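Note sheet for the following structure.
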């Protein structure tokens, strides 16, 4: 099963078409362009779901604190980009976030919720900055509202997946396998 999962993730990563990754704001509106942005990038999906999975693994306050920290810092990163403040290594840090968050889930690392929130916040700053850098002709506020909502929904999906899997026999192992697959997909994206 693990080999099939890796194959499926590898094929998905290999078939990603960046030219079709995002909706044109002139055709679809700024909100829909922002909403679609995290949904059409494999790196975004993997990180957002991994944040939810990790929050579910940690439990307690982390269920809301970890995703909330990601969303808040992502919005700040977006604002920095729109204001013209540059950050170094945005794309490498985004790819590193896929690997790192996948590994945190794979190893079932249980840190204090505040520390976990701080870790995801660092990565979120770079994700938000990338969103701001790709704003184009979209209106900043509707675009940001769209990607914030989509990101939060992906976090909720990760939490639901993590909590749901946690209830079945062998669920903890399956969650860890999903984390490992996420990390491997991040490596594939980095070298793909």
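Computed values, structure above
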{"quantity": "Residue 163 being farther than 14 Å from residue 56 by Cβ and in a helix (DSSP H, G or I)", "calculated": "no"}
{"quantity": "Residue satisfying condition, being surrounded by 17 or more Cβ atoms within 10 Å (Cβ to Cβ), in contact with a helix residue (DSSP H, G or I) (Cβ under 9 Å, 6 or more places away or on another chain), at pLDDT below 95 and within 17 Å of residue 46 (Cβ to Cβ), within set 130, 138", "calculated": "130"}
{"quantity": "The stretch 153-173, residues that are surrounded by fewer than 17 Cβ atoms within 10 Å (Cβ to Cβ) and free of Cβ contacts under 8 Å to residues at least 40 places away in the same chain", "calculated": "153, 164, 167, 168, 169, 170, 171, 173"}
{"quantity": "Condition broken by residue 190, with the remaining ones in (1) surrounded by fewer than 20 Cβ atoms within 10 Å (Cβ to Cβ); (2) modelled with pLDDT of 95 or more; (3) under 18 Å from the mean Cα position of the chain (by Cα) satisfied", "calculated": "(2)"}
{"quantity": "Close pairs from the stretch 41-56: first in contact (Cβ under 8 Å) with a residue 60 or more places away in the chain, partner outside any helix (DSSP H, G or I), Cβ under 6 Å, at least 6 apart", "calculated": "42/16"}
{"quantity": "Residue match in the stretch 20-29 (condition: in a helix (DSSP H, G or I), at pLDDT 55 or above and crowded, with 22+ Cβ neighbours inside 10 Å)", "calculated": "no"}
{"quantity": "Residue in the stretch 4-15 that is modelled with pLDDT of 90 or more and within 12 Å of residue 182 (Cβ to Cβ) present", "calculated": "no"}
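The values are calculated or read from the model by the stated rules, or taken from the named source; none is laboratory data. Since this is a predicted model, take the numbers as computed values, not measurements. For neighbour counting, all protein chains shown are included, and Cβ atoms are generated from backbone atoms with ideal geometry for every residue, glycine included.
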